[in-house]
Amino acid sequence: MAKVVRALEGVGYKEGVNLFGAPYDFRYAPAPPGKNATVFSSFVADLRRLLEHASRKNGGKPAILVTHSFGGVMAVEFLTRSTAHVKHLVMTSTGAGGVVVALGSLAASASAPPLSMARTARSYATAFLPVPSPAVFGDAPLVVTRRRNYSAHDMAEFLAAVGFSDEEIGLYRARALPVTLGLGAPRVPTTAINGVGVATPEQLVYWDGDFSKAPEVVYGDGDGVINLASALALDTMIGDNPEQSFFKSVKIANVTHGGMITEELALKRVISEILEANRANYRK
């Protein structure tokens, strides 16, 4: 987000005055309703205090939350718990319902060396959050082998096929899937900005069933990471939610997942949307 910060400073924002950061440890995931997640709960408390501080420092004005990628999911989860001192959420490069590219990473991690980053990441609480949701991807075959196909309805079976234990799959069913399925309205005015027109993995083919090998990839639309289906799902999961007062979806052609916060053209649009949110006068 360094270039976003510099761009905001270029239009008058000042760090520590009206520009603040809220880093999050991506290893830890939010919990579904009725369950506890200690690290995420601590993050919620810290962010709430930061928002209170920022608001006081600026005459009681509410803040605009700006996120990239997984940060958007964290922000939505935060806002389902507390909307105090938040005027608007601007999400960049965030979809709903998971991404297909995550399945390739999970498959490859099974044969990775024990001390490798890929192997270590299998133990993260967030490992299963990007797994495609049946609410978004339906019955489409996402992983193809000679013996069988796996759709988003078959993710537990896919995880077993790539070496996850029954206990780990139980955590996917009990903790990750309910969060993915339960993504709701942030309940504050929201703008979602996504790149489109970039080749994005849509189907992975392991024809001989050997998940340790690199798959043949069938590409579709998206930003290289976020599938178009995931980006469009925000329009219904958030935009059509009766609890959501304002939702704006922005698609920028030929902008990649990382390019959204590094490329000049995309950055200009992101800053423009932030400034528009700052000027907006929402009626209650």
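Helix-only mean residue ellipticity at 222 nm, the chain, DSSP H runs n ≥ 4 weighted -39,500 (n - 2.57), per residue, nearest 500. What is it? Roughly -10000 deg cm²/dmol at 222 nm, from the helical runs in the chain. With R₀ set to 41 Å, the beta-carbon distance separating Ser272 from Ser123 gives a calculated FRET efficiency near 0.50. Here the gap between Tyr282 and Ser111, fully extended at 0.36 nm per residue and compared with their Cα-Cα distance, gives a gain of 56.3 nm. Between amide H atoms placed 1.01 Å from N, distances below 5 Å from Gly195 occur with Ser93, Ile252, all of them 5 or more places distant or on a separate chain. Measuring how big segment 1-76 is from its alpha-carbon positions, Rg and Dmax come out at 13.9, 44 Å.
The calculated FRET efficiency for Leu181 paired with Ala160, based on their beta-carbon distance and R0 = 30 Å, is about 0.90.
Note: relative contact order over the chain, using C-alpha pairs below 8 Å and six or more positions apart, is 21 percent. One quarter of the surface of the convex hull around the alpha-carbon atoms of segment 108-200 equals 8.3 nm², the direction-averaged projected area.
Considering only Val143, Val217, Val100, the mean-square fluctuation computed in a Gaussian network model of the chain, springs between alpha carbons under 10 angstrom, is largest for Val217. Of all lysines in the structure, the ones whose alpha carbon falls short of 20 Å from that of Lys14, not counting any fewer than 8 places away in one chain, are Lys3, Lys57, Lys61, Lys87, Lys268. Computed extension gain for Val5 through Thr83, at 0.36 nm per residue and net of the alpha carbon distance, reaches 25.8 nm.
Under 1.5 on a/c is rounded, so check that first for segment 215-284, then, if it is not, pick prolate when a/b is larger than b/c and oblate when it is not; a ≥ b ≥ c are the square roots of the alpha carbon gyration tensor eigenvalues. Oblate. Placing dummy labels 7 Å off each Cα toward the beta-carbon, the span from Leu50 to Glu168 is 3.1 nm.
Simple rule: put +1 on each Lys or Arg Cβ and -1 on each Asp or Glu Cβ in segment 126-284, find the dipole, and look at Pro130, Val255, Val217; the Cα lying farthest toward the positive end is Val255. If you bin all the Cα-Cα distances of segment 19-141 at 10 Å, starting from zero, the percentages per bin are 11, 36, 32, 15, 5, 0. Peptides 145-158, 29-42, 5-18 ranked from most to least packed give 145-158, 29-42, 5-18, packing being the mean of other C-beta atoms within 10 angstrom over each peptide's residues. Annotation: extensible slack from Lys57 through Asp221 equals 54.8 nm (criterion: 0.36 nm per residue apart, minus Cα-Cα distance). Of Lys61, Lys87, the sequence from fewest to most neighbouring Cβ atoms within 10 angstrom is Lys61, Lys87. Starting from the Cα gyration tensor of segment 97-252, take the square roots of the eigenvalues, sort them a ≥ b ≥ c, and report rounded, prolate or oblate (rounded when a/c is under 1.5, otherwise prolate if a/b is larger than b/c, else oblate). Note, shape of segment 97-252 comes out prolate. Against the compact-protein benchmark of 2.2 N^0.38 Å, the Cα-based radius of gyration of the chain scales to 1.02.
None of the figures in this text is laboratory data; all of them are computed from the coordinates on show. The model shown is predicted, which means the values in this text are computed figures rather than measured ones. Ideal geometry is used to build each Cβ from the backbone, glycine not excepted, and the neighbour counts take in all protein chains shown.
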